[in-house]
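Q: To start, I am sharing the structure in question, which I have written as structure tokens.
The values are calculated or read from the model by the stated rules, or taken from the named source; none is laboratory data. Here the structure is a predicted model, which means the values were calculated and not measured. Note that each Cβ is placed from the backbone with ideal geometry, even for glycine, and that neighbours are counted across all protein chains shown. Heavy atoms of the whole protein, side chains included, go into the accessibility calculation; ligands, DNA and RNA do not. Shrake-Rupley method; radii C 1.70, N 1.55, O 1.52, S 1.80 Å.
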Amino acid sequence: MKTFPFIVLLIFSLILSGCTEPKILERVGLITAVGYDDAKDGNGKIKGTAAILQVDPDALQNVDIMTDEGYTSKGIVNLENLRSSRKIRSGQLRVALFSDRLAKKGLINFADSLTRDPSISEIVYMCIAEPTSADILNHQYENIPDIGEYLFRLLDQNIKNEEIPSPTIHEFMKGHYAAGFDPVAPILKRKGESVKINGIALMKNDRMVGKLNTKEGYYIKLINGRYNGGNMEFLLPKGSLDPILPKKEKRGIPVAIDTLQSSSKINVINAKEKRFNVSLKIRARLLEIRVPVNLDDPKNMVFVQKVIQNKIKKQADNVIKYALSKEADPFGFGETYRSSVRNSNLTRDQWHKEVPGIKVNVDVDFQLLRTGVID
């Protein structure tokens, strides 16, 4: 019975602590998205823009957008605190945006600062903004009450649906410090009253050196062997299906496929000459083809498969050549080389010098498992 008063006291303490939590939250501003741009005066400062969520049912506006200039990201947060009635916290940060101009200079200092903050999760998405992050965060959207939450949902659903590579801080840092692998990041751009994913940024270490469109970005995931689904649309070359069509086509033929299953394997063919072979195995469903082709005929099905296979090979070749010409290796050829060649002692700087000269052959094994809509 002596423990009874202690138990009662403990219960009341838990109840009271639960009651005080809303009051604490009402005094806090939670950063959900942050963006960084060059300051206009060119004195070395950066401009930071933050979307700050207010947990207050009586507030006229649930999200505040604050902008300040400083020499560091932490200094900008301090400046925002000086003119905020709520203590600003970064624990709910979900998206970090960087202007393409900053990205071309290098992002490692920003990424390092974010990873050093124990309140910030390693799964924060890092993105490039065109032309500036302020343009995306400052706009008063008609149907987007919380731009931070909107950007997170936009990225998250496209990552889960295998439309774009995942761009978390953890993955960015891992790619940056790997000897033979470079990170990538999605590019966001405001278009009217919405924000769209406008491409994939190629990085050399931490600097943006090139850009792929979202369709080309498909091949990064495919070659990395991490592609388990998603749709792909492309134009088959003019005349490529004429042998199995009732009349000749005067334009490219739109085709959409749904990847059901894929695998990728990268092998070093000749270590001295830096020659690699990429083997892609793809099993897909034909969702749509905009010509009247009889796919009940097995010969026609085989013919269509071959044309699509050649198209995938050509596009994969082009994406690889473009990335390597920028001295970027988002496919991990360097990691394959390092793990395959004994005593290679590969370093990041050494590999980036080698990247433009490596040779890659792509083999594609493509098969249609079933068909969908034919127009």
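Q: Return one whole number: the accessible area per residue of the chain in Å², for a 1.4 Å probe.
A: Details: 19600 Å² over 375 residues.
Accessible surface, normalised per residue, equals 52 Å².
Q: Of 45/191; 247/299; 45/211, which pairs sit farther than 20 Å apart, going by alpha carbon to alpha carbon? List each step's numbers first, then the result.
A: Numbers: 45/191 28 Å; 247/299 18 Å; 45/211 26 Å.
Where the Cα-Cα span goes over 20 Å, the pairs concerned are 45/191; 45/211.
Q: Over every pair of different alpha-carbon atoms in the range 110-221, take the mean of 1/r and invert it; report that Kirkwood radius in Å. Numbers along the way, then the final one.
A: Details: mean 1/r = 0.0681 Å⁻¹.
The Cα-based Kirkwood calculation yields 14.7 Å.
Q: Another one. With all protein chains present, calculate the accessible area of residue 296 using a 1.4 Å probe and round the result to the nearest 10 Å².
A: 140
Q: With everything on Cα atoms, drop me the angle between helix 147-160 and the longest principal axis of the chain, reported from 0 to 90° to the nearest 10.
A: The angle comes out at about 40 degrees.
Q: Give me the dipole magnitude in Debye, nearest 20, for the range 240-375 about the Cα centre, with unit charges on the beta carbon: positive for Lys and Arg, negative for Asp and Glu.
A: Working: 25 positive and 16 negative charges, 54 e Å.
It comes to approximately 260 debye.
Q: Give the label of the value calculated from the structure for Rg and Dmax of the Cα atoms in Å, choosing from [x] 22.2, 74; [y] 26.7, 82; [z] 25.5, 94.
A: [z]
Q: May I ask you to list the aspartates and glutamates whose Cα is less than 13 Å away from that of residue 238, ignoring any residue fewer than eight positions away on the same chain?
A: 249
Q: Pick out, from 90, 43, 336, the residue whose Cα sits farthest towards the positive end of the charge dipole of the chain, with +1 on the Cβ of Lys and Arg and -1 on the Cβ of Asp and Glu.
A: Going by the Cα projections, it comes out as 336.
Q: List the pairs from 248/281; 105/189; 215/306; 189/306; 74/204 whose alpha-carbon separation is above 29 Å, in the order I gave them. Can you show the working numbers first?
A: On the way: 248/281 31 Å; 105/189 19 Å; 215/306 20 Å; 189/306 36 Å; 74/204 26 Å.
As for pairs spanning more than 29 Å Cα to Cα, those are 248/281; 189/306.
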